[in-house]
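Single-structure report; data block below.
The values are calculated or read from the model by the stated rules, or taken from the named source; none is laboratory data. Note that the coordinates shown come from a computational prediction; the quantities given were computed from them, not determined experimentally. Glycine also receives a Cβ, built like all others from the backbone with ideal geometry; neighbour counts cover every protein chain displayed.
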Amino acid sequence: MKLNLGCGKDKRNGYLNIDWYEDADKRINLSKIPYPFKENSVTEILALNILEHLENPYDILLEWHRICKPGAKIILKVPHFASGNAWADLQHKRPFSWYCFQNEDLKPFFKNIKCKITFPYKIQKPLEWFVNQAPKFWEYYFSGIIRSGDIEVELIVKEKN
């Protein structure tokens, strides 16, 4: 089973499209855990621009780990803290840093295979390579000057202990 969490109007074939407000395949309050899925029942989670809307993102990630099979892929996109859109939506609970997904607390549960800071404008695209070679340097010294867009993340679910 593949889940498209917080699908909104982006309903996808081959996924169970889940949202609270939209005409989704299944209506679930994604902030409320546990989710109504069995442990080890999900092979992929697509969560584009939803985690920033939810309470307790760490607990949500642990819930995703619970429902996913080992080896399942989690693809997510969240606003970077230096994005002009990070706080533009009144429903956003928080923006994210590149380091949120490098957190030691996540390592027992997920293998991080991609964590990329993106930029919204074509003219900024060449900058992505540099920023992603040295994200710590950019976040500390330049993120207040050169605005980013999102963070794209891919995680692989590790075996349960």
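Looking only at residues in the range 119-161 that are of a type in the set (Gly, Ala, Ser) and touching a residue at least 60 places away in the same chain (Cβ under 8 Å), the one that is surrounded by the most Cβ atoms within 10 Å (Cβ to Cβ) is Ser148.
Filter the range 54-78 down to residues that are β-branched (Val, Ile, Thr) and under 13 Å from the mean Cα position of the chain (by Cα) and give me whichever is surrounded by the fewest Cβ atoms within 10 Å (Cβ to Cβ). Please lay out each step first, then the result.
Going residue by residue through the range 54-78, those that are β-branched (Val, Ile, Thr) are 60, 67, 74-75, 78.
Next, from what is left, pick out any that are under 13 Å from the mean Cα position of the chain (by Cα): 60, 74-75, 78.
Working: Ile60: 19, Ile74: 22, Ile75: 15, Val78: 26.
It comes out as Ile75.
Kindly indicate which of Leu30, Leu51, Leu16 is within 22 Å of Ile113 (Cβ to Cβ) and surrounded by 15 or more Cβ atoms within 10 Å (Cβ to Cβ). The match here is Leu51. Among residues of the range 6-17 that are within 15 Å of Leu51 (Cβ to Cβ), those with a Cβ under 6 angstrom from a residue that is surrounded by 14 or more Cβ atoms within 10 Å (Cβ to Cβ) and β-branched (Val, Ile, Thr), sequence gap 6+ or separate chain, pair up as Gly6/Ile50.
Can you work out which of the residues in the range 79-102 that are assigned to a loop (DSSP other than H, G, I, E, B) and over 14 Å from the mean Cα position of the chain (by Cα) is modelled with the highest pLDDT?
Step one: list which residues in the range 79-102 are assigned to a loop (DSSP other than H, G, I, E, B), which gives 81-82, 84-95, 97.
Now narrow it down to the ones that are over 14 Å from the mean Cα position of the chain (by Cα): 82, 84-85, 87-91.
Working: Ala82: 94, Gly84: 87, Asn85: 87, Trp87: 87, Ala88: 88, Asp89: 88, Leu90: 91, Gln91: 91.
The selected residue is Ala82.
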